[in-house]
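Q: Sending over a structure as structure tokens; questions will come in a sec.
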Amino acid sequence: MLAGDGTLTLVDAGYPADLELVESSLRAVASATGAGDARLTSVLVTHGHSDHIGTVSALRRRHGFEVFAAHAEVPNVTREQLHQVTVGDVLPHLYKPRFARWVLHAVRAGGLGDVAVTDVVPLDLGASRTFSGHRVVPTAAVGHTPGHTVFALPDDDVLITGDALVTGHPTSRLDGVQMLHPIFHSDLAEAGRTYGRLVDRGARVVLPGHGPVLRR
């Protein structure tokens, strides 16, 4: 989440059932930054999976804001297309306790619901824009989905990686920098190449879509 200029910008937004957690986080960040009356004015989307856009429509009804995603990812966010793990992808792994627990949580959290987002503003990749007082540069990081995007904050030395690079996941035994399980990627080979580039990319702080913050 970005805060500045009396506004807040959210990057991704959790499952539908995470709505009140997201609202709580908005209040906490506004308070911690001394901007208790800051308005949520923008949501940036790394990709259109249900655990990343699940609360967007409900939040927008409450707050009113613009939603931004890369041109290539907009159809996934609006659900004109759907690039997401399927029940058939998951079934062969349900004998694994970690997968079974994750599936149960995802279903309970609304992961199979209608999370389509309308009126998405396309972002030009590589073009710097200012959100809540921070310069943000969206960069293609495809493979997890066809239009997956990472967001660099060059003035803050921060990289927001979405699911192109994570530091943990309920289905994984690993801690630290890693890729998600292969079933989660629409193009595994491309996702691997993207991951390699991100691992080599220097940023003081990495904010992944899953797992703890990475500080270098």
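Q: Would you be able to tell me the number of residues in region 9-42 that are in contact with a helix residue (DSSP H, G or I) (Cβ under 6 Å, 6 or more places away or on another chain) and either without any contact (Cβ under 8 Å) to a residue 40 or more places away in the chain or closer than 18 Å to Val136 by Cβ (or both)?
A: Kept after step one, since they are in contact with a helix residue (DSSP H, G or I) (Cβ under 6 Å, 6 or more places away or on another chain), are these residues of region 9-42: 12-15, 19, 36, 38, 40.
Keeping just the survivors that are either without any contact (Cβ under 8 Å) to a residue 40 or more places away in the chain or closer than 18 Å to Val136 by Cβ (or both) gives 12-13, 36, 38, 40.
Selection size over region 9-42: 5.
Q: Okay, moving on. Do you know which residues across region 121-143 are within 15 Å of Thr41 (Cβ to Cβ) and crowded, with 21+ Cβ neighbours inside 10 Å? Reasoning before the result, please.
A: Let us first name the residues in region 121-143 that are within 15 Å of Thr41 (Cβ to Cβ), namely 121, 129-134, 136.
Listed by number, the residues that qualify are Phe131, Ser132, Val136.
Q: Take Val150 and decide whether it is crowded, with 18+ Cβ neighbours inside 10 Å, hydrophobic (A, V, I, L, M, F, W, C), in contact with an Asp or Glu (Cβ under 6 Å, 6 or more places away or on another chain) and within 15 Å of Thr46 (Cβ to Cβ).
A: Numbers: crowded, with 18+ Cβ neighbours inside 10 Å: yes; hydrophobic (A, V, I, L, M, F, W, C): yes; in contact with an Asp or Glu (Cβ under 6 Å, 6 or more places away or on another chain): no; within 15 Å of Thr46 (Cβ to Cβ): yes.
No: the conditions fail for Val150.
Q: Please identify the pairs in which a residue from region 157-174 that is over 15 Å from Pro97 (Cα atoms) has its Cβ atom under 6 Å from the Cβ atom of a residue that is among the basic types (Lys, Arg), counting only partners at least 6 apart or on another chain.
A: Asp157/Arg204
Q: Does any residue of region 39-54 turn out to be at pLDDT below 95, over 30 Å from Leu188 (Cα atoms), touching a Gly at 6+ places or on another chain (Cβ under 8 Å) and surrounded by fewer than 21 Cβ atoms within 10 Å (Cβ to Cβ)? Break it down stepwise before answering.
A: Step one: of region 39-54, the residues at pLDDT below 95 are 39.
Filter again for over 30 Å from Leu188 (Cα atoms), leaving 39.
Retained after the next criterion (residues that are touching a Gly at 6+ places or on another chain (Cβ under 8 Å)): 39.
Filter again for surrounded by fewer than 21 Cβ atoms within 10 Å (Cβ to Cβ), leaving 39.
Yes, some residue in region 39-54 is at pLDDT below 95, over 30 Å from Leu188 (Cα atoms), touching a Gly at 6+ places or on another chain (Cβ under 8 Å) and surrounded by fewer than 21 Cβ atoms within 10 Å (Cβ to Cβ).
Q: To continue, here is another question. Can you confirm whether Leu125 is in contact with a Pro (Cβ under 7 Å, 6 or more places away or on another chain) and either assigned to a loop (DSSP other than H, G, I, E, B) or small (Gly, Ala, Ser) (or both)?
A: Details: in contact with a Pro (Cβ under 7 Å, 6 or more places away or on another chain): yes; either assigned to a loop (DSSP other than H, G, I, E, B) or small (Gly, Ala, Ser) (or both): yes.
Criteria met by Leu125.
Q: Is it the case that region 76-87 has a residue that's modelled with pLDDT of 95 or more, under 27 Å from Pro170 (Cβ atoms) and buried (at least 21 other Cβ atoms within 10 Å of the Cβ)?
A: Looking through region 76-87, at least one residue is modelled with pLDDT of 95 or more, under 27 Å from Pro170 (Cβ atoms) and buried (at least 21 other Cβ atoms within 10 Å of the Cβ).
Q: Right, here's the next one. Give me the residue from region 21-35 that is surrounded by 15 or more Cβ atoms within 10 Å (Cβ to Cβ) and outside any helix (DSSP H, G or I) and, out of that set, modelled with the lowest pLDDT. Break it down into steps so the answer makes sense when it comes.
A: Here is the first cut: in region 21-35, the ones surrounded by 15 or more Cβ atoms within 10 Å (Cβ to Cβ) are 22-23, 25-26, 29-30, 33, 35.
Pick out the ones that are also outside any helix (DSSP H, G or I) and you get 33, 35.
Numbers: Thr33: 86, Ala35: 72.
If we take residues in region 21-35 being surrounded by 15 or more Cβ atoms within 10 Å (Cβ to Cβ) and outside any helix (DSSP H, G or I), then Ala35 is modelled with the lowest pLDDT.
Q: Let me ask you something else. Limited to region 182-199, what total is found for residues that are touching a residue at least 24 places away in the same chain (Cβ under 8 Å) and under 19 Å from Ala106 (Cβ atoms)?
A: Count: 4.
Q: Restricting the search to region 102-116, which residues are surrounded by 15 or more Cβ atoms within 10 Å (Cβ to Cβ) and out of contact with any Gly (no Cβ under 8 Å at 6 or more places or on another chain)? Spell out the reasoning first.
A: Within region 102-116, the first condition is being surrounded by 15 or more Cβ atoms within 10 Å (Cβ to Cβ), and the residues that meet it are 102-103, 106, 109-111, 115-116.
Across region 102-116, the qualifying residues are Trp102, Val103, Ala106, Ala116.
Matching residues to (1) of a type outside the set (Lys, Arg); (2) more than 15 Å from the chain's Cα centre (by Cα); (3) crowded, with 18+ Cβ neighbours inside 10 Å:
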{"residue": "Asp156", "(1), (2), (3)": "yes, yes, no"}
{"residue": "Ala164", "(1), (2), (3)": "yes, no, yes"}
{"residue": "His169", "(1), (2), (3)": "yes, no, yes"}
{"residue": "Arg173", "(1), (2), (3)": "no, yes, no"}
{"residue": "Arg197", "(1), (2), (3)": "no, yes, no"}
{"residue": "Arg201", "(1), (2), (3)": "no, yes, no"}
{"residue": "Pro208", "(1), (2), (3)": "yes, no, yes"}
{"residue": "Val213", "(1), (2), (3)": "yes, no, no"}
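Q: Here is a further query. Exactly one of (1) within 15 Å of the chain's Cα centre (by Cα); (2) in contact (Cβ under 8 Å) with a residue 60 or more places away in the chain; (3) more than 25 Å from Glu80 (Cα to Cα) is unmet by Val150. Its number?
A: So Val150 meets the others, but not (3).
The values are calculated or read from the model by the stated rules, or taken from the named source; none is laboratory data. Small disclaimer: the values here were computed from a predicted structure and weren't measured. All Cβ positions, even for glycine, are placed from backbone atoms using ideal geometry, and neighbour counts span all protein chains on display.
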